[in-house]
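Below is one structure, written out as structure tokens, with a few remarks after it.
No lab work stands behind these numbers, since they all come straight from the coordinates. None of the values given here were measured: they were computed from a predicted structure. Note that each Cβ is placed from the backbone with ideal geometry, even for glycine, and that neighbours are counted across all protein chains shown.
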Number of protein chains: 2
Amino acid sequence: MTRIYGDPSSFVPDALAGFVDLYSHYVQPVPHGVVRSTATPEGKVAVVVGGGSGHYPAFAGYVGPGLADGAVCGDVFASPSTRWVYDVARAADHGGGVILGFGNYAGDILNFGLAAQRLRSEGIRAELLVVTDDVASEGQGAQGNRRGIAGDVVAFKIASAAAEAGYDFDETLRVARFSNDRTRSMGIAFAGCTLPGEKEPLFTVTSGHMGVGLGIHGEPGISEEPIGSPDEIADLLVDRVLGGRPEDAPEGGKITVLVNGLGSTKYEELFLLYAPIAKRLREKGYEIVAPQVGELVTSLDMAGASLTVTWLDEELETLWTAPAQSPAFSTGTTIQTSPAPTYVVPEEERADYTGTPAAAAEVGAAVAGHLEAVRDALAAAEDELGRIDAVAGDGDHGVGMTRGSTAAAQEARSAADAGAGAGSTLAAGADGWADRAGGTSGVIWGVFLRAFAAALGDEGRPEAGAVAQGVADGIAAVQDLGGARVGDKTLLDALVPFGDRLTERVEAGDDLRTAWASAAEAATEAAEATKDLRPQIGRARPLAERSLGHPDAGAVSLALVARTVAERL
Amino acid sequence: MTRIYGDPSSFVPDALAGFVDLYSHYVQPVPHGVVRSTATPEGKVAVVVGGGSGHYPAFAGYVGPGLADGAVCGDVFASPSTRWVYDVARAADHGGGVILGFGNYAGDILNFGLAAQRLRSEGIRAELLVVTDDVASEGQGAQGNRRGIAGDVVAFKIASAAAEAGYDFDETLRVARFSNDRTRSMGIAFAGCTLPGEKEPLFTVTSGHMGVGLGIHGEPGISEEPIGSPDEIADLLVDRVLGGRPEDAPEGGKITVLVNGLGSTKYEELFLLYAPIAKRLREKGYEIVAPQVGELVTSLDMAGASLTVTWLDEELETLWTAPAQSPAFSTGTTIQTSPAPTYVVPEEERADYTGTPAAAAEVGAAVAGHLEAVRDALAAAEDELGRIDAVAGDGDHGVGMTRGSTAAAQEARSAADAGAGAGSTLAAGADGWADRAGGTSGVIWGVFLRAFAAALGDEGRPEAGAVAQGVADGIAAVQDLGGARVGDKTLLDALVPFGDRLTERVEAGDDLRTAWASAAEAATEAAEATKDLRPQIGRARPLAERSLGHPDAGAVSLALVARTVAERL
């Protein structure tokens, strides 16, 4: 378990401080991440990697010449916010555009995706490199459903080597995505990891057994089997990974192989496992090029291992073996470098609300008050929300909602104090939530509140119809963003009934207070009803089974927010 | 705990097979270890490092250009045998002599020491680099009592860099020993490691506490304290390590710093601990040069961390930062290499016993039978001996005695079958025990039986007086080797009374059978009496206290061997 930490909530920045001090010849700090401390030629395509923290050497350990240009560091196992991704990408860009590399998880898809949109809107070329190597999570059939695990390392290295070799943006993106298409992984877990500040691991595996098909965020695997001999484990992993061989990849020929330790499975064990894996792969006609065995993408102190195979063509082999140096991965001859200038964080412009009428500013203050009440209610419910989330997730929903609503309340109050009206106050709160919460719920709430705010305006007290329209716009924005539908056991299962009832009651002539109270009731009932639903998105099947009988944490917190506001209208 | 393994007794060679396959560009296998697979100039001083296994990257991970020339890999936490050290050193020698680097443990001192003697007797220059960095084990006052922990890495790197830079043997040895003199370490443990095949860890630490002053072989530490904040842990480690500052080292100035993870303490935690350690050291006027944070010398999956400081002068700084590449440690620019020829193990000459008279050969066969009986008795007692040893040691005494006596019986039978007399048969058994058992007991039994055998001759049935003389010679050889005395709670506490009684009864006119039976009784009583003794050698104080009330495992097994032979005379 994690034992060396101060304040658990500052675990990531505290660890990053030591990391940056230690590796200042490779990296320099930027807000919520690192970029290279060595000079980069103008026009080079930048590769920025990232995701939640707790996976070292992923992601900051892979920044350096021949490897990534920057890494975004979210909270432990939680996606960095859109803003954090954007900020690191801005710092890493050298005029050649940015490829954003990350594993396929809902929160990362949302936040990296929105960050790419924002970069493009500012004229910076930005595209996503979504790593999808885990054959164990391929339950739904579509490739897009595979999670990203240790295959990250292959895709990031190959993208970076292409960029370093002077490939243009399209060519870098092409070969990077092709390397992902050619990569498959499969893992086993013996024991779960323990988050900083927690006493119990995220999951346990029956003694003498292994969870087959682990994830790297505390997902225990899709089935449990007795631990076999190294030969048997090698057979299992090789068979499953080769079973996922990409259609265009030859049977036999050159491959690279990663045997990855999840955290507390030791080098000796990994070497011991590598021997029969290599033997089997060679028996099947494969030639192993530049294999890597060790801790590559970890999950804190989780016990377990995974096998990754990438089917190489000549170009991939050249890029995989090209020189690279970074804190955690060095290969080939030394790349000559010179120091980069110290990155200076650009100053932000402050919004000017001086034109807002006094009456409108009063409504802004009321909105800030609502968000403060929401913050208090969510903080009081934090532990309970965490427990609900832990049934089928990683248990961080309570913490994430508290962090997001605290930031939202603070930014909203700051805007209201500066004279903002209802819309601008809520928009400021939305940006605070989105920028500082991280994770999936952070970006969803940010997007919802941003769209909601746009319908309110800053002219005075919004009409009930404008509020209902704002909620409806927010729902549409969330649906557009995440691709989830009602019945998928997400917050939409409570949010859509809330919005529908609100519109219905407002159209029937109720005042806002009455309509909202009725809508909050509908949300509460709908959240309770999510007990009977299976989650459908980004979850392996057994987790879906396990979650039956438990409501969705996101729907429960949405209903709580709705009731809290209802009491104040 | 260790979970990926096949036959626990082949854990080390199984892991080594994967390691060598993976890193064939750095290393090639030799019996019980590795040497470089890259060419080495003739006349270069060779640095051979080693010790027990389970400490990866120590020791095989540090073989490569700019680092060591070879590594000897003992069984898990057990010293390699003299023969294994000798074999690897022979393979690594390129005519410039061999520096044998290892941490200060009784078994390693014996085996590396005897191997150096043997190398010198064959005209190969060989000296010991005994690493003694652990300030926590400095209980007895003398520097020689400090154990070697992560400071190994500094001493090995500096010795290797000096050799690579073309230093001659004396100069390499001088600067290597100086780097050890300038190095101090101190560690903390949160949880013990579990040996392959075992269910329980070697020790446990009370939840929320840390063992202060850990060892790397399952020693839990010299005191137990509540786990502090990273700042408090940093204070503790910095204060204790700086408190051990070498007399000739300046207060302030250049140092290098290692923060070492013991196995399951994660990178994030080590970075988090490094930040306040670096801050404190800088506040005290130190400049940190090329620090290393990560898993450097582990103890399987033990949880814990250690701090190492080396006070650098200009020469040490140059050597510490000199280029080096190896499986686990790379720094500086790439060293150009070319492949070395594959090492061919020299063929052994087989002994020729064809001149032995038939009657003498019959006695040889009887001696082989005695050793087979001893093997069976020790195998039956293996678990019990392990349990006794685990009270104050690492619990491997039973396994080691079984392995040694099995090898001894096999070699003795092989010699007897080829016609060897009593002396040659016992000598062959002695060599088998010494060469293949490893650990401390292996070398002691080998030396004892070798000296014993020399007194027996091959002429026929030895006289009782010759047998008593052989035992006395064996005792003298063991005392000379290990420096232990009666009362130190070692096998000498039973062996000396055994030898004394045997000589006394033989001189009194008893026949061998009667005299031996009486001596075996004396040994049994003496072994029982070791319950009241504290071990004095190579043990931290609390272990000495803990062992009161438990007999010494080595004395118990000696008495068992004596009784087993008594029944057959």
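Couple of notes before you dig in:
- Going from the fewest other Cβ atoms within 10 Å to the most, the residues A:32, B:209 appear in the order B:209, A:32.
- Residues in region B:514-524 carry Karplus couplings, in order, of 5, 5, 5, 4, 5, 5, 5, 4, 4, 5, 5 Hz; the curve used is 6.51 cos²θ - 1.76 cosθ + 1.60 with θ = phi - 60°, and Gly or Pro positions show x.
- Residue ranges A:515-526, A:379-390 sort as A:515-526, A:379-390 when ordered by packing (mean number of other C-beta atoms within 10 Å per residue, highest first).
- Equivalent ellipsoid semi-axes, chain A, via Cα gyration tensor eigenvalues times 5, rooted, Å: 42, 28, 20
- Per-residue Cβ neighbour counts within 10 Å put B:37, B:185 in the sequence B:37, B:185, beginning with the fewest.
- Shown here: region A:107-196, whose C-alpha atoms stretch 45, 31, 26 Å along the first, second and third principal axes, sorted largest to smallest.
- Using the alpha carbons alone, the radius of gyration of region A:1-152 stands to its Kirkwood radius in an Rg to Rh ratio of 0.97.
- Pairs beyond 29 Å (Cα-Cα), from B:157/B:279; A:157/B:279; A:199/A:266: A:157/B:279
- Within the protein assembly as shown: Cβ-based charge dipole about Cα centre, in debye rounded to nearest 20 (Lys, Arg +1; Asp, Glu -1): 340
- Residue-averaged beta-carbon neighbours from other chains (10 angstrom radius) around A:8-21: 5
- For residue A:215, nonlocal amide neighbours, meaning residues 5 or more places apart or on other chains whose placed amide H falls under 5 Å from its own, are A:221.
- Within the protein assembly as shown, DSSP assigns beta bridges of which about 55% are antiparallel (rounded to the nearest 5).
- Exam field: residue B:483 pseudo-label spacings to other copies (7 Å along Cα-Cβ), nanometres: 6.9
- Relative to its Kirkwood radius, the Cα radius of gyration of region A:329-416 gives an Rg/Rh of 1.28.
- Compactness of region A:281-364 - radius of gyration and Dmax, Cα, Å: 25.9, 79
- Computed log10 I(q)/I(0) for region A:197-324 at 0.14, 0.17, 0.19 Å⁻¹: -0.65, -0.93, -1.12, from the Debye equation with unit scatterers placed on every C-alpha and solvent omitted.
- On the rotation that sends chain A to chain B, the chain A Cβ lying closest to the axis gives residue and distance in whole Å as A:264, 2.
- Between copies, the label points at residue A:352 (set 7 angstrom from Cα along Cα-to-Cβ) are spaced 10.7 nm, reported in nanometres from shortest to longest.
- Of every Cα-Cα pair in the protein assembly as shown, the percent that sits beyond 51 Å: 31
- Size descriptors for region B:358-566: radius of gyration and Dmax over Cα atoms are 16.2, 56 Å.
- Remark on residue A:191: its backbone amide H falls under 5 Å from those of A:303, a criterion applied only to residues 5 or more positions apart or on other chains, H modelled at 1.01 Å from N.
- Estimated vicinal HN-Hα couplings, Hz - region A:8-24 in sequence order (Karplus 6.51, -1.76, 1.60; Gly, Pro = x): x, 6, 10, 4, 5, x, 5, 5, 5, 4, x, 4, 5, 4, 5, 10, 5
- Helical content alone sets the calculated 222 nm signal of the protein assembly as shown at -15000 deg cm²/dmol, taking -39,500 (n - 2.57) per DSSP H segment of four or more residues and averaging over every residue.
- Share antiparallel - DSSP beta bridges, chain B, percent rounded to 5: 55
- Spin-label pair residue B:10/residue B:171, simplified geometry with 7 Å Cα→Cβ offset, distance in nm: 4.7
- Scaled against 2.2 N^0.38 Å for its residue count N, the alpha carbon radius of gyration of region B:458-569 is 1.13.
- Low-density loop positions, GluC sites (Glu not before Pro), region B:300-370 - DSSP coil, at most 14 other Cβ in 10 Å: B:347, B:348, B:349
- The modelled label-to-label distance between residue A:225 and residue B:344, using points 7 Å beyond Cα along the C-beta direction, is 4.5 nm.
- Vicinal HN-Hα couplings computed from phi for region B:241-254 (Karplus, 6.51 cos²θ - 1.76 cosθ + 1.60; Hz; Gly/Pro x): 6, 5, x, x, 3, x, 4, 8, 8, x, 7, x, x, 7
- Ordering B:344, A:293 from the fewest to the most neighbouring beta carbons within 10 Å gives B:344, A:293.
- When only Cα pairs below 8 angstrom with a gap of at least 6 residues are kept, region B:358-566 shows a relative contact order of 21 percent.
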